[in-house]
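Written out below as structure tokens is the structure these notes cover.
The values are calculated or read from the model by the stated rules, or taken from the named source; none is laboratory data. The structure presented is a predicted model; accordingly, all values stated were derived computationally and were not measured. Virtual Cβ from ideal backbone geometry, glycine too; neighbours counted across all protein chains shown. When the accessible area is computed, the model is the full protein with side chains, heavy atoms only, and any ligands, DNA or RNA have been set aside. Shrake-Rupley method; radii C 1.70, N 1.55, O 1.52, S 1.80 Å.
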Amino acid sequence: MTAEPTTAHSSRWPVPPQDGYTVDDLFTLPDLPPHTELIDGSLVFVSPQRDFHSTMIDLLLTGLRSTAPPEVKARREMTVVLDRRNAPEPDISVVRTEAVTGLDVTRYQAADVLLAVEVVSPDSEARDHEAKPHKYATAGIPHFWLVEMTGTDQHPVVRVYELDPVTKAYALTGIHHDRLKTGVPFPVDIDISAEALAAL
């Protein structure tokens with residue numbers, strides 16, 4: 001049996017349009033991998049995550065949900081539309097309750113997001129440190145948390161940022177190692193020690 005010849009045009013990856021993809025493309029292109037993000041008109045595929053990433057999301061999500069007032073909801077890995085060429089997927093978003101209109105919701109608008117949380121992975125370090133915070137701030141999301149694993153002891157650290165309305169950029173308001181305690185966007189008190197993480 002002879003193998004069929006391949007052509008230069010045969011590819012399983014979509015060819016991007018000249019001006020890049022839009023949010024509409026993100027939701028209509030077939031067979032995109034789960035958790036695909038749109039950054040500056042480019043599709044970003046997520047690598048398999050480490051246990052720290054998943055477990056840290058669980059720890060923070062549980063803590064947020066236990067203290068969230070009725071007017072907000074904490075959501076995991078949902079697309080947030082910042083503009084027509086940017087639709088990242090924060091690891092956790094705290095959104096206004098009225099934006100949760102049903103179980104078939106696939107995205108939230110930046111105006112409905114009070115907090116975006118990114119848990120840094122090796123493949124997303126530059127995006128999580130530079131591109132995403134800048135874009136979240138430009139879109140007016142008032143609060144941002146950056147979560148990392150420090151050193152060889154695999155200890156979590158959470159950096160808490162608040163949007164400065166004058167500069168339209170995030171200002172660091174706290175670095176938390178064992179306990180994440182803050183009053184915004186609502187009172188939060190979460191054990192983020194290595195022991196709490198290991199217990200999950």
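Of the strands (runs of 3 or more DSSP E) lying entirely inside the stretch 145-200, the ones with 2 or more residues being modelled with pLDDT of 95 or more and touching an Asp or Glu at 6+ places or on another chain (Cβ under 7 Å) are found at 169-176, 179-182. For the condition open to solvent by less than 40 Å² (accessible area, probe 1.4 Å), of a type outside the set (Lys, Arg), within 27 Å of residue 179 (Cβ to Cβ) and in contact with a Gly (Cβ under 7 Å, 6 or more places away or on another chain), residue 113 does not qualify. Filtered by the rule that a residue be assigned to a strand (DSSP E or B) and of a type outside the set (Val, Ile, Thr), the stretch 24-46 gives 37, 38, 42, 43. For the stretch 56-80, a residue qualifies if it is more than 26 Å from residue 27 (Cα to Cα) and either touching a strand residue (DSSP E or B) at 6+ places or on another chain (Cβ under 7 Å) or surrounded by 17 or more Cβ atoms within 10 Å (Cβ to Cβ) (or both), and the qualifying residues are 56, 59, 60, 63, 64, 65, 67, 68, 71.
Counting only strands (runs of 3 or more DSSP E) wholly contained in the stretch 57-103, the ones carrying 1 or more residues that are in contact (Cβ under 8 Å) with a residue 12 or more places away in the chain and over 16 Å from the mean Cα position of the chain (by Cα) occupy 72-76, 92-96.
Within the option set 83, 51, being surrounded by fewer than 18 Cβ atoms within 10 Å (Cβ to Cβ) and under 20 Å from residue 131 (Cα atoms) holds for one residue only, 83. Criterion applied to 137, 131 was being among the hydrophobic types (A, V, I, L, M, F, W, C) and either touching a helix residue (DSSP H, G or I) at 6+ places or on another chain (Cβ under 9 Å) or free of Cβ contacts under 8 Å to residues at least 60 places away in the same chain (or both), and the one residue passing it is 137. The selection criterion, being under 25 Å from residue 40 (Cα atoms), in contact (Cβ under 8 Å) with a residue 12 or more places away in the chain and open to solvent by less than 20 Å² (accessible area, probe 1.4 Å), does not hold for residue 168.
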